[in-house]
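Chemist: Dropping the structure in here first, questions after.
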Amino acid sequence: MIVFLQSVLSGVLIGGVYALVGIGLTIIFGVMRVINFAHGELVMIGMYLTWIIFTGLAIDPFVSILISIPAMFAVGALIQKTLINRVLGALPENQILLTVGLGLVLSNLVMLFFTSDYRILTTSYSSSTLRLAGLSVSTPLAISFAITSAITALLYWFLLKTDTGQGIRATAQDRDAAQLMGINVKRMSLLAFGIGAALAGTAGALISPTYYIFPQVGGVFTLKAFVIVVLGGMGSVLGATLGGVIIGVTESLAAVYISAGMKELFVYVLFLIVLLFRPAGLLGRSRV
Amino acid sequence: MAIRVNDLPRALTRSRRSTLFSFAAVAAVALVLLLVPRAVQSPYLLHVMILFFLAVSMGESWNVIGGYTGQYSLGHAAYFGTGAYTTLMLLQYRHIAPWWGAWAAVGAALVVALVIGSICFRLRGPYFTLASIAVAEIIRLIALNWKPVTNGAEGILLMDIPPLKIGGMLVTDWLSKAPFYYIGLVLALVTLLVNYLVGRSKLGYCFQAIREDQDAAHSLGINPAFYKNVALAISAVFTALTGAFYGLYIGFIDPHTVLGIDLSVEMVLICIIGGIGTNLGPVVGALVLVPLSEALRANLLARLLFSAGLLDETSRAGAFLKENLAHAHVLIYGILVVLVILFMPDGVLGFAKKLLARRSPGRVPSPSPGAVLGGPDANP
Amino acid sequence: MKTFLTAAIVLGLGLPSAARAEGVKIGIINSMTGPEAPIGESLTNGIKLAQDDLAKKNIKVELIWEDDTGKPQVAMSAIEKLATRDNVAGVVGPYTSASANAVAKQAQRYKVPLLVPVAAKEDITRQGYEWVFRLNAPANVYAQVLLDAVTQLGKPKTMALIYENTDFGTSTANTAKEYADKKGIKVVADESYSKGSPDYRSTLTKVKALSPDLVFMVSYVADAILLMRQAREMGLKPQAFLGGGAGFTTAQFASEKDISNQVLTSTQWTDDVPWPGAKDFATRYKAKFNKEPPYHAACAYAAMMIMAEVASKQGGDREKVRSALASGSWNGIMGDVKFESYEGYANQNRHPMLVQQIQDGKYVTVFPDKFAGGKKASYPFPGWK
């Protein structure tokens, strides 16, 4: 029983970080209908940013998100303005390939300047734990889960209660209608990509004290983010939150009860099952 | 969208003379290529040519489903790996000669294609792409974890290929590069021919109709599910043959190299850079990518910059480039892809055609689909 | 189209190689980019240091570097080029087992002496290739030497295996399983994982529930640190943590004192082993590259020195280089080197591997006794602080 509870707990905690990556991807998709294959690379850039701030300025990774959130927002907005915006009306396939190419460029640029060495952040609390009713909880993971929850709550408030947030949601629902209603659709796209990138970067920052950093790390997150987003329903923020936690727990349980090498297999099988039987995802509106 | 459909009658009415001419050109090139191993002694050059043939075959095979039918599969490594694994496992563990094993590879790829097709073709557009990645990853993970059969991550190291004898006469003992060169050449030509036939047959028009508008095609009585599966089957068979050839030639396969997502992306890159949905697009793509990657690996680009006097070898920028440019070929691939999609949505071939058409005022250039569909900012 | 191809080929053939022709040419194949690049860099550094020493000894060789990006097909391009276009007298490399496998076959075909410095897969020198030599001990020794050491230190009964599902990981784990059987140690858990998963806690929870006497891990550096951090989180407490080379023998791992203390690892080389020049090599490596030298660097250095000395002495004649490698013997930072045929191996150096323990962030050689110089391992693992 303790093994089961421990693995569910680990799954939920890591799932929170996955959710953050997924939410970013789902917002971008919702507003622009572009699947961002370079999303994991944005997570990677967030990680390197955290690493630079930590080693260069000695700022704690959890504090550094105050710097990396605006920085990543700017990176996202720049990518949207210079690249994505030009293919918004093009074939969806070309959009996919553009982001694939962008991903290659980002990861290899980073490799050129930082080499492919593994970087590992060692903070005073990197391997410390909290004890909770016989279960052990990694301190940095618990902190990052708390921050993730706070950011997600903030994001909900922003999307539901503010005018800009409602504008983004309206654009996601129907781009043309939103434009007719006088919403600046271009600005919303810029905002959406910026927010998506900022969330990916934050996830990178939050996971870096318990993980390691190398230029190709993005691929892991890109694939996971797809699964999460499809699972929750493309464009659904609540769905992505739920999807992240489901994937975290599935991986964790599969690793304990079947085999660690097979855990991804279960994630992809789950992904296919959802795609086939509920293509709109668990919480998505049917649009396929 | 309408413009693309208008292309079809244009292709049909294309003068017979130009068809004859392009046939003659391809035949001449093929003849020259046939003679290369006699004239060229350098195994390195032959090796680069074999890599080129491999790239052409991969690109042309993908082109059938991705280019003509418009189903952007990012999981074609599944067929490549199936072909390579089937052939090499039969050869290594059952001592079945590869010229028989290759047929088993074709059969296995057909089965995989049918399974994948029946799952993934229920989905459209980006959803199909995502599903194709998932299936390919599942197959990779199975190969990685099913150790008794596939030897897992350790992969299969091919010992020897038995000599090929026909009626007691030794055809080849596989020791030189020449047999691989010829097989590669034949494979590249066959895949090219398949693309040509697909482009010009009724079957091919059904594929293209699905690409342009699946619902309209359906209402015209074309069964999309059936034709998509046929296209995938054709594509899978030749991808598997290419994979089998790769495995035999390199002599070592493991799940990462023949089933990884990098390989799937590479197949698409070959097509997108050359020009998607055209006969010669993948050839042009391979002509760009293969020499480029070899040249970058040998650091030729940096040396070229130095010898041309554009950069000083001892300067800081020069030293940086010398140290790093050789390592940057994937970066340059990426930049190429981004540039091609933004500025030449029809690939290098389409771009060249447009330039040519602009020079000879007699012909009217066909607008690129990207430009038509792209809206105001698509083509700056 | 044809002109473009011709241009590309001319470009490919014309420019290089003709430049300078001083000394004998030796090819290097190494993973300088790609996922294997971090360790590839250690090999590069080792070879650079060898270059300095060769210049001091007035041995003139011209090195031709080839990057295989960690892919066997690219490694094949490299050996083709080196063998037929650059006409090298011998080749040192490649780093990865997959590449070394593919290259060995070609080296045999083109009759080019190949000296593999550090690739571990047993098959490489088990094909009966007369042109392929290997300096380091093959994969099975990694597990054997460790289990020999712990059975001398205590009486472990059970063992859990956690390893990365790559070529190196699975083949080392397989030999560990076989050897544990022989030693009467029961393998209670056999867990492979995919590199790069952020969370190994579930696997470790499962292992902890089985409370094994030994935990044997095969990982690269980042995963090694992650696994130990999370093992500490979970409170996993076996009699000993064993690391099969790779990530567990890096300075970066040792410097994580909270988690690395008392871990036992097997290695090809240490800086406190009484082999001639080992200590000096370590000092100079640190001075030049500002990093601790891993065993990969030492292997690459020794392989480069041997190949360069032999090749320049034989004037670059490949057949003579081959027979000189096959019959010669050397003594340097890797101890005694002699390429022999035994137990199905051909041209394999019977290199004795070492066991080292991390004590307060420092590697200390503790086994075999004749190389340990009286230093003792502490056993069993006392538990987490």
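The values are calculated or read from the model by the stated rules, or taken from the named source; none is laboratory data. Only a predicted model underlies this, so the values are computations on that prediction, with no experimental measurement involved. Please note: Cβ atoms are built from the backbone with ideal geometry, for glycine as well, and neighbour counts cover all protein chains shown. Heavy atoms of the whole protein, side chains included, go into the accessibility calculation; ligands, DNA and RNA do not. Shrake-Rupley method; radii C 1.70, N 1.55, O 1.52, S 1.80 Å.
Chemist: Please work out if residue C:205 is under 24 Å from the mean Cα position of the chain (by Cα) and in the same structural domain as residue C:151 (by TED's automatic domain parsing). Break it down into steps so the answer makes sense when it comes.
Modeler: Numbers: under 24 Å from the mean Cα position of the chain (by Cα): no; in the same structural domain as residue C:151 (by TED's automatic domain parsing): yes.
Judged against the criteria, residue C:205 is not a match.
Chemist: Any residue at all in segment C:129-141 that is within 13 Å of chain B (Cβ to nearest Cβ), in a loop (DSSP other than H, G, I, E, B) and touching a Lys or Arg at 6+ places or on another chain (Cβ under 6 Å)?
Modeler: no
Chemist: Of all the residues that make up segment C:312-338, how many are of a type in the set (Gly, Ala, Ser) and exposed (fewer than 14 other Cβ atoms within 10 Å of the Cβ)?
Modeler: 3
Chemist: Would you check which residues across segment B:259-270 are more than 10 Å from every other protein chain (Cβ to nearest Cβ) and over 18 Å from residue B:141 (Cβ atoms) and list them?
Modeler: Result: B:266, B:267, B:270.
Chemist: Right, next: Please go through (1) open to solvent by less than 10 Å² (accessible area, probe 1.4 Å); (2) modelled with pLDDT under 90; (3) of a type in the set (S, T, N, Q) for residue A:202 and return the number of the only condition it doesn't satisfy.
Modeler: Only one criterion is unmet by residue A:202, namely (2).
Chemist: Under the condition of being within 14 Å of chain C (Cβ to nearest Cβ) and open to solvent by 50 Å² or more (accessible area, probe 1.4 Å), which residue from segment A:232-261 is farthest from residue B:139 (Cα to Cα)?
Modeler: That would be A:257.
Chemist: May I ask you to verify whether residue B:302 is surrounded by fewer than 24 Cβ atoms within 10 Å (Cβ to Cβ), of a type outside the set (Val, Ile, Thr), farther than 13 Å from residue B:80 by Cβ and in contact with a Lys or Arg (Cβ under 6 Å, 6 or more places away or on another chain)? Spell out how you get there, then give the answer.
Modeler: Working: surrounded by fewer than 24 Cβ atoms within 10 Å (Cβ to Cβ): yes; of a type outside the set (Val, Ile, Thr): yes; farther than 13 Å from residue B:80 by Cβ: yes; in contact with a Lys or Arg (Cβ under 6 Å, 6 or more places away or on another chain): yes.
For residue B:302, the condition - surrounded by fewer than 24 Cβ atoms within 10 Å (Cβ to Cβ), of a type outside the set (Val, Ile, Thr), farther than 13 Å from residue B:80 by Cβ and in contact with a Lys or Arg (Cβ under 6 Å, 6 or more places away or on another chain) - is met.
Chemist: Considering segment C:221-240 alone, what residues qualify as being within 8 Å of another protein chain (Cβ to nearest Cβ) and open to solvent by 10 Å² or more (accessible area, probe 1.4 Å)?
Modeler: C:221, C:232, C:235, listed by residue number.
Chemist: Let me ask something additional. Among the residues of segment B:273-285 satisfying the criterion of being in a helix (DSSP H, G or I) and either at the interface with chain C (Cβ under 10 Å from one of its Cβ atoms) or open to solvent by 10 Å² or more (accessible area, probe 1.4 Å) (or both), which is nearest to residue B:345 (Cα to Cα)? So that I can check it myself, show each step before the final result.
Modeler: Here is the first cut: in segment B:273-285, the residues in a helix (DSSP H, G or I) are B:273-274, B:281-285.
With the extra rule that they be either at the interface with chain C (Cβ under 10 Å from one of its Cβ atoms) or open to solvent by 10 Å² or more (accessible area, probe 1.4 Å) (or both), the set shrinks to B:283-284.
Numbers: B:283: 17, B:284: 15 Å.
Residue satisfying both the conditions and the ranking: B:284.
Chemist: Go through segment B:97-125 residue by residue and tally those that are open to solvent by 60 Å² or more (accessible area, probe 1.4 Å) and touching a Leu at 6+ places or on another chain (Cβ under 9 Å).
Modeler: 4
Chemist: Follow-up. Just the residues that are open to solvent by 10 Å² or more (accessible area, probe 1.4 Å), of a type outside the set (D, E, K, R) and within 12 Å of chain A (Cβ to nearest Cβ), please, taken from segment C:241-260.
Modeler: Residues satisfying the conditions are C:250, C:252, C:255.
Chemist: Right, next: Quick one: which of A:77, A:90 is outside any helix (DSSP H, G or I) and of a type in the set (Gly, Ala, Ser)?
Modeler: A:90 is the lone residue from the list that is outside any helix (DSSP H, G or I) and of a type in the set (Gly, Ala, Ser).
Chemist: Please determine whether any residue of segment B:158-178 is part of a helix (DSSP H, G or I) and open to solvent by 10 Å² or more (accessible area, probe 1.4 Å).
Modeler: yes
Chemist: Any idea which of (1) open to solvent by 10 Å² or more (accessible area, probe 1.4 Å); (2) in the same structural domain as residue C:34 (by TED's automatic domain parsing) is the one residue C:144 doesn't satisfy?
Modeler: With (1) open to solvent by 10 Å² or more (accessible area, probe 1.4 Å); (2) in the same structural domain as residue C:34 (by TED's automatic domain parsing) applied to residue C:144, the lone miss is (2).
Chemist: What number of residues within segment B:148-157 satisfy the criterion of being in a helix (DSSP H, G or I) and more than 10 Å from chain A (Cβ to nearest Cβ)?
Modeler: Residues that pass the stated criteria total 4.
Chemist: Quick one: count up the residues across segment C:267-281 that are closer than 24 Å to residue C:327 by Cβ and either free of Cβ contacts under 8 Å to residues at least 60 places away in the same chain or surrounded by fewer than 24 Cβ atoms within 10 Å (Cβ to Cβ) (or both). Talk me through it step by step, then tell me what you get.
Modeler: Within segment C:267-281, the first condition is being closer than 24 Å to residue C:327 by Cβ, and the residues that meet it are C:268, C:275-277.
Filter once more, so that each one left must be either free of Cβ contacts under 8 Å to residues at least 60 places away in the same chain or surrounded by fewer than 24 Cβ atoms within 10 Å (Cβ to Cβ) (or both): C:275-277.
Here the count works out to 3.
One line per residue, one yes/no per condition, for (1) open to solvent by 40 Å² or more (accessible area, probe 1.4 Å); (2) touching a His at 6+ places or on another chain (Cβ under 6 Å); (3) at pLDDT below 95:
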residue	(1), (2), (3)
A:48	no, no, no
A:55	yes, no, yes
A:60	yes, no, yes
A:63	yes, no, yes
A:68	no, no, yes
A:73	yes, no, no
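Chemist: Which members of segment A:107-117 meet the condition of being open to solvent by less than 30 Å² (accessible area, probe 1.4 Å) and either out of contact with any Asp or Glu (no Cβ under 9 Å at 6 or more places or on another chain) or not small (Gly, Ala, Ser) (or both)?
Modeler: A:108, A:110, A:111
Chemist: Sort out which residues of segment A:10-40 are modelled with pLDDT under 90, within 14 Å of chain C (Cβ to nearest Cβ) and surrounded by fewer than 24 Cβ atoms within 10 Å (Cβ to Cβ), and write them in order of number.
Modeler: Answer for segment A:10-40, where residues must be modelled with pLDDT under 90, within 14 Å of chain C (Cβ to nearest Cβ) and surrounded by fewer than 24 Cβ atoms within 10 Å (Cβ to Cβ): there is none.
Chemist: Taking segment C:190-211, which residues are open to solvent by 10 Å² or more (accessible area, probe 1.4 Å), more than 7 Å from chain A (Cβ to nearest Cβ) and under 14 Å from residue C:163 (Cβ atoms)?
Modeler: Result: C:190, C:195.
Chemist: I would also like to ask the following. Could you tell me which of the residues C:148, C:123 is out of contact with any Phe, Trp or Tyr (no Cβ under 7 Å at 6 or more places or on another chain), over 22 Å from residue C:31 (Cα atoms) and of a type outside the set (Phe, Trp, Tyr)? Let's see the steps before the verdict.
Modeler: Values: C:123 fails: over 22 Å from residue C:31 (Cα atoms).
None of the others qualify; the one that does is C:148.
Chemist: Provide a single number: the residues in segment A:118-141 that are small (Gly, Ala, Ser) and crowded, with 17+ Cβ neighbours inside 10 Å.
Modeler: So the answer is 4.
Chemist: Of the residues C:158, C:170, C:151, C:166, only one is touching a residue at least 12 places away in the same chain (Cβ under 8 Å) and open to solvent by less than 10 Å² (accessible area, probe 1.4 Å); which?
Modeler: C:170
Chemist: Further question on the same structure: Take segment B:47-71 and flag every residue that is at pLDDT below 90, open to solvent by 10 Å² or more (accessible area, probe 1.4 Å) and closer than 16 Å to residue C:74 by Cβ.
Modeler: B:48 - this is the single residue of segment B:47-71 that is at pLDDT below 90, open to solvent by 10 Å² or more (accessible area, probe 1.4 Å) and closer than 16 Å to residue C:74 by Cβ.
Chemist: Exactly one of these conditions fails for residue A:283: (1) away from every other protein chain (no Cβ under 14 Å); (2) under 20 Å from residue A:9 (Cα atoms); (3) aliphatic (A, V, I, L, M). Give me its number.
Modeler: Exception for residue A:283: condition (2).
Chemist: Further question: Inspect segment C:81-102 for any residue being away from chain B (no Cβ under 14 Å) and open to solvent by 10 Å² or more (accessible area, probe 1.4 Å) and give the result as yes or no.
Modeler: Yes; the residues of segment C:81-102 include at least one that is away from chain B (no Cβ under 14 Å) and open to solvent by 10 Å² or more (accessible area, probe 1.4 Å).
Chemist: Continuing with the same structure: Say we look at segment B:32-46 and pick out the residues that are in contact with a Leu (Cβ under 9 Å, 6 or more places away or on another chain) and more than 8 Å from chain C (Cβ to nearest Cβ); which of these is most open to solvent (accessible area, probe 1.4 Å)?
Modeler: In this case the residue turns out to be B:34.
Chemist: State which residue is nearest to the other protein chains (Cβ to nearest Cβ) when the search covers only segment A:211-226 and only residues that are surrounded by fewer than 24 Cβ atoms within 10 Å (Cβ to Cβ) and among the hydrophobic types (A, V, I, L, M, F, W, C).
Modeler: Among them, the one singled out is A:220.
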